[in-house]
Ligand SMILES: *Cc1c(COP(=O)(O)O)cnc(C)c1O
């Protein structure tokens, strides 16, 4: 049953088209391309199973012995996998940065897979290489606004790269700090550079005890992976408390000076443009000056917020980003490109040479192979999706999308503020905000009896966790949650709902329904009932 032949003849057919246009997989494909929304509503989250139940469908641990017909397999996928996946397209899925995509990415994805280009080298990508360089150039110009002869010189130069395309913000941040590290421990007459001799020799040669990076507590966890991977150690990720949700330039400078006086070296100041948790933007302009004074690299992690630069109205919020040495931008966030599209951009095109690598069979010196300066090896043609998006939306299209997200977040914030039993915790700077359920009487009590604050906040934390979980499990809508130190409650971190208004199709009534559902869920929870009675 369902088993296919074990013969080369059959397998050759699998490479072409074994089962015809009526096969199950072909039907799925048709349904997807004809009406994605309908496909998703019919096949995704059709079961409310716990992860433990789902794991039972994936309990087999031996490689399947015999081949299976594609159609039979496709049915299995629908049933076990698709039915139990998450509908990130839903307008009420507002908890994370992953959202609906414009329809054109589906056929483009097919084209990309069909062509199966490998961007590591020109021999397997040809026109995709100049296309990727152009995309990097366009994004570079958006951030750094260099004159046109700059781009004429560097866009397609074999000896420079304006950035690196990669699978996401994590690799982009690692690449930026890798470049910074190699530049911070460069070759001398007695030392061949850290890339050749390693961290221990580099630190010894330059007489540094430790090397670290400075960011706010809201810095993304990928930075901590980066310092681990680059041999600096996770303890050398120096994070500064930020009850205001922004890195204080003064504190960063003081901390950096102290660190260097103690015989250490600050590798980089990392400013975040759009923190993952609250969407705040560090004072980039001031941080650029701090980096200059400390004599270190300045990296801006704009993985999420970078797309704000498309908006003439809001790009001013990122003032100073053009002073960065390197900038991370994820196209798979606010540029609505499928996952797997990250970029790091270098202000100085020579910076990419700090990590340049050559091999005999590819990436030969003088070649334009992109793989010579990227961390990843084989990479797909995802740059095409960014290229197409830039053309199909244009800057003006992106501007509208960015503006409507921010404006919708502001409307949602007002809805929260005007409800007596909700408390807005961080107002949206971009399109992320945090809030919690907090009965009116408790809000008053926390204000008037400050000694009760600690205990009430702990109760409210439990309530938030419980409502968030129940709402997620009910499967109709989704907000995420996080724990934050805030200006309002500086002495204790609190648990909050986190909302990312990424989906352009989310309406005000979707947002109202989410609040209503949260109140309804809470009203069945004992902590809520108890809190509402507290006077
Ligand atoms: C998403 C994000 C990252 C990580 O990007 P991935 O694409 O998930 O690897 C890093 N920094 C910030 C600020 C982000 O929002």
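Identify the residues of the stretch 54-95 with backbone N under 12 Å of a label point that sits 7 angstrom from the Cα of residue 6 along the Cα-to-Cβ direction, or state none.
64-68
Arrange the following residues from fewest to most other Cβ atoms within 10 Å of their Cβ: 206, 12, 387.
Arranged by neighbour count, lowest to highest, 206, 12, 387 become 12, 206, 387.
Roughly speaking, what is the stretch gain from residue 261 to residue 357, that is 0.36 nm per residue apart minus the C-alpha to C-alpha distance, in nm to one decimal?
The residue 261-residue 357 span can extend by a further 31.1 nm.
In 5 Å bins starting at zero, report the fraction of Cα pairs in the stretch 1-85 per bin as a rounded %.
3, 12, 18, 21, 17, 16, 10, 3, 0
With no solvent and one equal point scatterer placed on each C-alpha of the chain, evaluate the Debye formula and give log10 I(q)/I(0) for q = 0.08, 0.10, 0.12 Å⁻¹, two decimals.
-0.62, -0.94, -1.25
For the pair residue 523 and residue 459, how long in nm is the line joining their label points, each one 7 Å along Cα→Cβ?
A separation of 2.0 nm, rounded to one decimal place.
Going by how many other Cβ atoms sit within 10 Å of their own, how do 86, 113 line up, fewest first?
With the sparsest Cβ surroundings first, the list reads 113, 86.
Going by C-beta contacts inside 10 Å, put 287, 400, 108 in order with the fewest on the left.
Listing 287, 400, 108 from fewest to most nearby Cβ atoms yields 400, 108, 287.
Measure of size requested: the Rg and Dmax of the stretch 1-160, with Cα atoms as the atom set and Å as the unit; please supply both.
Spelled out, the Cα radius of gyration and Dmax of the stretch 1-160 are 21.7, 65 Å.
With all distinct Cα pairs included, what does the Kirkwood hydrodynamic radius of the stretch 187-321 come out to in Å, to one decimal, could you say?
The Cα-based Kirkwood calculation yields 15.6 Å.
Once you keep just the Cα pairs under 8 angstrom separated by 6 or more residues, what percentage relative contact order results for the chain?
Relative CO of the chain lands at 17 percent.
Which distance in Å, rounded to a whole number, links the C-alpha centroids of the stretch 240-283 and the stretch 109-135?
When both Cα centres are located, 38 Å separates them.
Over the Cα atoms of the stretch 134-198, Rg to Rh with Kirkwood Rh, two decimal places?
Reported Rg/Rh, Kirkwood definition of Rh: 1.06.
Give the shape of the stretch 412-482 as rounded, prolate or oblate, defined through the alpha-carbon gyration tensor: a ≥ b ≥ c are the square roots of its eigenvalues, a/c under 1.5 means rounded, and otherwise the shape is prolate if a/b is larger than b/c and oblate if not.
oblate
Out of all DSSP beta bridges with both ends in the chain, state the antiparallel percent to the nearest 5.
The answer is about 60 percent antiparallel.
Between residue 365 and residue 48, what length in nm is gained on full extension when 0.36 nm per residue of separation is reduced by their alpha carbon distance?
Full extension of this stretch gives 108.6 nm more.
Give me the number: length gained by fully extending residue 62 to residue 319, i.e. 0.36 nm times residue separation minus the C-alpha to C-alpha distance, one decimal in nm.
Value of the extension gain: 87.1 nm.
Could you compute how fast the stretch 317-399 diffuses translationally, taking Rh as the Kirkwood radius over C-alpha pairs and applying Stokes-Einstein at 20 °C with viscosity 1.002 mPa s? Give it in µm² per second.
The calculation lands on 144 µm²/s.
Given a Förster distance of 60 Å, report the FRET efficiency between residue 109 and residue 447 from their Cβ-Cβ distance, rounded to the nearest 0.05.
Result of the calculation: an efficiency of 0.70.
Running Debye on the stretch 303-356 with equal point scatterers at the Cα sites and no solvent, what base-10 log of I(q)/I(0) appears at q = 0.12, 0.16, 0.28 Å⁻¹?
Scattering profile of the stretch 303-356, log10 relative to I(0): -0.32, -0.55, -1.09.
Any chance you could get the radius of gyration and Dmax over the Cα atoms of the stretch 26-72, in Å?
Cα-based Rg and Dmax for the stretch 26-72 come out at 14.7, 37 Å.
Evaluated at 4 °C with a viscosity of 1.567 mPa s, what Stokes-Einstein diffusion coefficient in µm²/s does the stretch 404-533 have when Rh comes from the Kirkwood expression over alpha-carbon pairs?
87 µm²/s
If I take R0 = 51 Å and measure r between the Cβ atoms of residue 533 and residue 404 in this structure, what FRET efficiency does the formula 1/(1 + (r/R0)^6) give, to the nearest 0.05?
Efficiency, rounded to the nearest 0.05: 0.80.
Could you check the simple spin-label distance between residue 244 and residue 22, using points 7 Å along Cα→Cβ, in nm with one decimal?
That separation, rounded to one decimal, is 7.0 nm.
Please list, by residue number, everything in the stretch 356-400 whose backbone N is under 13 Å from a paramagnetic label point 7 Å out along Cα→Cβ of residue 158.
From the stretch 356-400, the list is 363-370.
Computed from the coordinates by the stated procedures, all read-outs in this text should not be read as laboratory data. In this text the structure is predicted, and so the values were computed from the model without any measurement. With ideal geometry, Cβ positions are generated from the backbone for all residues, glycine too; neighbour counts draw on all protein chains shown.
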